[in-house]
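Q: Below are the structure tokens for one structure; questions will follow.
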Amino acid sequence: MNKSILIVEDETSIRKFIRINLERNGFNVFEAGSGEEGIDIARKEEIDIVILDIMLPEIDGFQVCKILRDEFPSLGIIMLTAKTQDIDKIMGLEYGTDDYITKPFNPTELVLRVKSLGRRIEAIDNVETNSILYSKPFKVDIYSRKFYKDNKEIELTPTEYAIAKIFIENPGRAFKRDEILNQVWGYDFIGDSKIVDVNIRRLRAKIEDNPSEPMFIQTVWGIGYRWKDKS
């Protein structure tokens, strides 16, 4: 089934430009010129991925992202920014976006990022096994794509879930940032490894008792990260 993409962008020319390129690649596309309109469409339609501009009238992209993430944890979100400062990218990721792209952008790059995120979501949704992964006090239900700590469900984004699953499947293994990037975002991802660090930080905030002194997702200095199994 073709993925449904929602573009939330107040500049009509950019919105139409994105739509044309996505439709050429077989995506179903919805458009919104404001954050409020985008939220309304997401609530009414079956949306897989949102392409979300930061600079929107009234409520900005960060607030829209927070609302969508709270209501639709498994929704894929790519943030657009016209600025180049890292702080804008990092802020977007902290609010729960899966990826970002800076304007002006190459339409081919945007399509590749949408396809990459779509594959990530599809890989999670298409699992046909009832297997469950355990790493006390955590449990991952592969079939339902649910993550639990002490039998209480923790809502994870598709990216956070993919990272957590890799860790729990490979306890004790030290992963380089590039390895995580390739396994989660795909080998065709165009970006830097900072996106891994931000998602790790966000994941720690959700699953660690004390994120500043993580017990489970441990930093391997000069390399990356590893999962410490307490079982």
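Q: Within the range 108-130, restricting attention to residues that are polar (S, T, N, Q) and open to solvent by 40 Å² or more (accessible area, probe 1.4 Å), which residue is modelled with the highest pLDDT?
A: Looking at the filtered set, the residue picked out is T108.
Q: Being in a loop (DSSP other than H, G, I, E, B) and modelled with pLDDT under 90: is that true of D197 here?
A: Spelling it out, it is not the case that D197 is in a loop (DSSP other than H, G, I, E, B) and modelled with pLDDT under 90.
Q: Can you tell me which residue among D88, D53, D99 is at pLDDT below 90, open to solvent by less than 60 Å² (accessible area, probe 1.4 Å), touching a Leu at 6+ places or on another chain (Cβ under 7 Å) and under 30 Å from K206 (Cβ atoms)?
A: It is D99.
Q: Restricting to the range 139-148, and then to whatever is within 19 Å of I200 (Cα to Cα) and open to solvent by 30 Å² or more (accessible area, probe 1.4 Å), can you tell me which residue is modelled with the lowest pLDDT?
A: The residue in question is R145.
Q: Oh, and also: Using beta carbons and a limit of 9 Å, which pairs, at least six apart or on different chains, have the first residue in the range 105-124 and farther than 23 Å from S144 by Cα and the second one part of a helix (DSSP H, G or I) and aromatic (F, W, Y)?
A: Here the result reads P107/F17, each pair linking the range 105-124 to a residue that is part of a helix (DSSP H, G or I) and aromatic (F, W, Y).
Q: Of the numbered conditions (1) among the charged types (D, E, K, R); (2) closer than 19 Å to G96 by Cα; (3) open to solvent by 60 Å² or more (accessible area, probe 1.4 Å); (4) within 20 Å of the chain's Cα centre (by Cα), E36 fails exactly one; give the number of that condition.
A: (4)
Q: When you look at E71, is it open to solvent by 60 Å² or more (accessible area, probe 1.4 Å) and either in contact with a Lys or Arg (Cβ under 9 Å, 6 or more places away or on another chain) or small (G, A, S) (or both), yes or no?
A: It is true that E71 is open to solvent by 60 Å² or more (accessible area, probe 1.4 Å) and either in contact with a Lys or Arg (Cβ under 9 Å, 6 or more places away or on another chain) or small (G, A, S) (or both).
Q: In addition: Can you tell me which residues in the range 17-33 are of a type outside the set (F, W, Y), open to solvent by 40 Å² or more (accessible area, probe 1.4 Å) and in contact (Cβ under 8 Å) with a residue 12 or more places away in the chain?
A: R19, N25, N28
Q: Inside the range 145-180, can you point out the residues that are within 14 Å of S135 (Cβ to Cβ), not in a helix (DSSP H, G or I) and not basic (K, R)?
A: Selection gives F147, Y148, D150, N151, I154, N170, P171, G172.
Q: Given (1) at positive phi; (2) out of contact with any helix residue (DSSP H, G or I) (no Cβ under 9 Å at 6 or more places or on another chain); (3) open to solvent by less than 40 Å² (accessible area, probe 1.4 Å), where does E208 come up short, assuming only one miss?
A: (1)
Q: Test of understanding: among K3, K83, which residue is open to solvent by 10 Å² or more (accessible area, probe 1.4 Å), at pLDDT below 95 and over 17 Å from the mean Cα position of the chain (by Cα)?
A: Residue meeting the stated conditions: K83.
Q: Another question about this same structure. Given the conditions (1) in a helix (DSSP H, G or I); (2) open to solvent by 60 Å² or more (accessible area, probe 1.4 Å); (3) at pLDDT 90 or above, report the number of the one that Q183 does not fulfil.
A: Just one mismatch for Q183, condition (3).
Q: Six or more apart or on different chains, Cβ atoms under 6 Å: show the pairs whose first residue is in the range 206-227 and of a type in the set (S, T, N, Q) and whose second is open to solvent by 70 Å² or more (accessible area, probe 1.4 Å).
A: These pairs meet every condition: Q218/R226; Q218/K228.
The values are calculated or read from the model by the stated rules, or taken from the named source; none is laboratory data. Because the structure is predicted, anything quoted here is derived from the model rather than measured. When we count neighbours, we look across all protein chains shown, and the Cβ atoms used for this are built from the backbone with ideal geometry, even at glycine. Surface areas here come from the heavy atoms of the whole protein model, side chains and all, with no ligands, DNA or RNA. Shrake-Rupley method; radii C 1.70, N 1.55, O 1.52, S 1.80 Å.
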